[in-house]
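J.: Below: one structure in structure tokens.
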Amino acid sequence: MSLALHLRLRDEPEAAAVARRAIAATLAGTVLVDVDLVSLVVTELIGRLSRPGDDGETVLDVHVDVTAARVRVHVTGPPRSEEAAPEPTLSAGWSLLLMERTVDRWGIDDGPATRVWFEIDLPAAAGPPPRATEPADSAPTT
Amino acid sequence: MESLGTGTRPGFAVERVGAGHYRVSGDLDLSTAGVLEAELETDPSASLVLDVSRLAFVDSSGLRVLLRAIVSGRSITLRAPTPSVLRTLRTAGVDRLPGVGIEV
């Protein structure tokens, strides 16, 4: 069994709220998934990646793979650049802290776009442990 | 309790119900944190009480608003947080900050 959500979000202040509603609708009834936790981390990432006013977009992909017993999420935004990088802020520090303390794995793929991904393991009762192989375009951090 | 004023955005509201006493409802995130911040900045009370029983969501932007109030020398009591909000507060360590009280 798997569930997937693909969402293109205009870079506007309400983007994270739109994403949370879509996540709640998509994952409704999937008792194994901690929807609040996924929504929190997605909100933090959209807040970091989106640039309201630049007329761009942020892309959210959520994939629930019950067979692999995990939720994998990608949030893709514009490429990072030193010029565009905001000054470190308290909320940015809290974003990282919340992600570090709540997800099982996460990483950043820089390229033509900046893609931040994270994984949350589902409860053991969901099925066998995650597969050993990772997608070729990701680099899990531990 | 009588409402003394309200700041709202779609999906969010902060209602002043007394001196330093507010009811906060909806989602407190990047798009709404400024509403709460504006309310708290203009309140001279040394102790703030926020009824967050109808606050469904808080992110780091919301936590920043709370911390700003604390840094300004005030105390904050958060009343009746939902389990989801309470978990975020605890994960971020807000519940252990001096000047913060949480009444579950």
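Any read-out appearing in this document is the output of simple, stated calculations on the displayed coordinates, not a laboratory observation. As the structure is a prediction and not an experimental result, all values here were calculated from the model. No Cβ is skipped: glycine too gets one built from the backbone with ideal geometry, and neighbour counts run over all protein chains shown.
J.: Express the relative contact order of chain B as a whole percentage, based on alpha carbon pairs under 8 Å and six or more residues apart in sequence.
T.: 22
J.: Across peptide A:29-42, what mean number of C-beta atoms from other chains lies inside 10 Å of a residue's C-beta?
T.: Counting other chains' Cβ atoms within 10 Å and averaging over A:29-42 gives 2.
J.: Just name one of A:LEU7, A:VAL41, A:PRO52: the one whose Cα is farthest towards the positive end of the charge dipole of region A:1-54 (beta-carbon charges, Lys/Arg +1, Asp/Glu -1).
T.: Positive-end residue among those listed: A:LEU7.
J.: Tabulate in residue order the Karplus-calculated ³J(HN,Hα) for region B:79-84, using 6.51 cos²θ - 1.76 cosθ + 1.60 with θ = phi - 60°, rounded to whole Hz; enter x for Gly and Pro.
T.: These are the phi-based 3J(HN,Hα) values: 9, 6, x, 5, x, 5 Hz.
J.: Report, in debye and to the nearest 20, how large the dipole of the protein assembly as shown comes out about its Cα centre when Lys and Arg carry +1 and Asp and Glu carry -1 on their Cβ.
T.: 580
J.: FRET efficiency for B:ASP43 and B:ARG87, Cβ-Cβ distance as r, R0 = 35 Å, nearest 0.05?
T.: 0.80
J.: Sticking with this one: Nearest-5 percent of antiparallel DSSP beta bridges in the protein assembly as shown?
T.: 70
J.: Same structure, new question: Let me know the mean shielding of B:58-70 by other chains, meaning the per-residue number of their Cβ atoms within 10 Å of its Cβ.
T.: Average neighbour count from other chains, rounded to a whole number: 5.
J.: Another question, then. How many percent of DSSP beta bridges within region B:1-66 run antiparallel, rounded to 5?
T.: Of the beta bridges lying entirely in region B:1-66, close to 60 percent run antiparallel.
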